[in-house]
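Asks: Sharing a structure below in structure tokens format, with a few things to ask.
The values are calculated or read from the model by the stated rules, or taken from the named source; none is laboratory data. Just so it is clear, the structure is predicted and the values come from calculations on it, not from any experiment. When we count neighbours, we look across all protein chains shown, and the Cβ atoms used for this are built from the backbone with ideal geometry, even at glycine.
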Amino acid sequence: MPNALYRRAGQWAFFALFVLAPPLDILRLDLNLGHFIFFGYDWTLGLDAFQRHEIEGDEAAFRLITRGFLPLLALFGSGAIIAWFYGRLYCG
């Protein structure tokens with residue numbers, strides 16, 4: 001019986017997160033601005049300065065890796081770990 005209760009609680013928690021994510025600006029893509037908004041803050045790659053020739057290529061590459069690649073890797077990695085351990089709890 002406790003497994004069914006945990007599963008139902010997980011389903012409701014995920015549904016609440018799904019419903020509340022856009023109004024709380026947890027993560028959304030603003031098409032007018034052209035970038036993501038993450039917890040209410042603009043999430044850009046910071047490459048505008050490179051286009052204005054204010055930074056060099058190595059700084060642009062560092063920004064691309066730290067602001068783009070690493071957060072996505074962390075997101076997908078943590079999602080895979082959660083799905084591996086707790087996927088049956090939600091889907092079961």
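Asks: Just checking, which of 75, 27 is at pLDDT below 85 and on the phi < 0 side of the Ramachandran plot?
Replies: Unique residue meeting the criteria: 27.
Asks: Answer with yes or no whether residue 24 is surrounded by 11 or more Cβ atoms within 10 Å (Cβ to Cβ) and either of a type in the set (S, T, N, Q) or in a loop (DSSP other than H, G, I, E, B) (or both).
Replies: yes
Asks: Those residues that are assigned to a loop (DSSP other than H, G, I, E, B) and surrounded by 15 or more Cβ atoms within 10 Å (Cβ to Cβ), I need them from the range 48-92; list them, please.
Replies: Answer for the range 48-92, where residues must be assigned to a loop (DSSP other than H, G, I, E, B) and surrounded by 15 or more Cβ atoms within 10 Å (Cβ to Cβ): just 55.
Asks: Give me the pairs: first residue in the range 51-62 and of a type in the set (Lys, Arg), second residue loosely packed, with under 12 Cβ neighbours inside 10 Å, beta-carbon distance under 8 Å, and six or more apart or on different chains, which are they?
Replies: Going by the 8 Å Cβ cut-off, there are no qualifying pairs.
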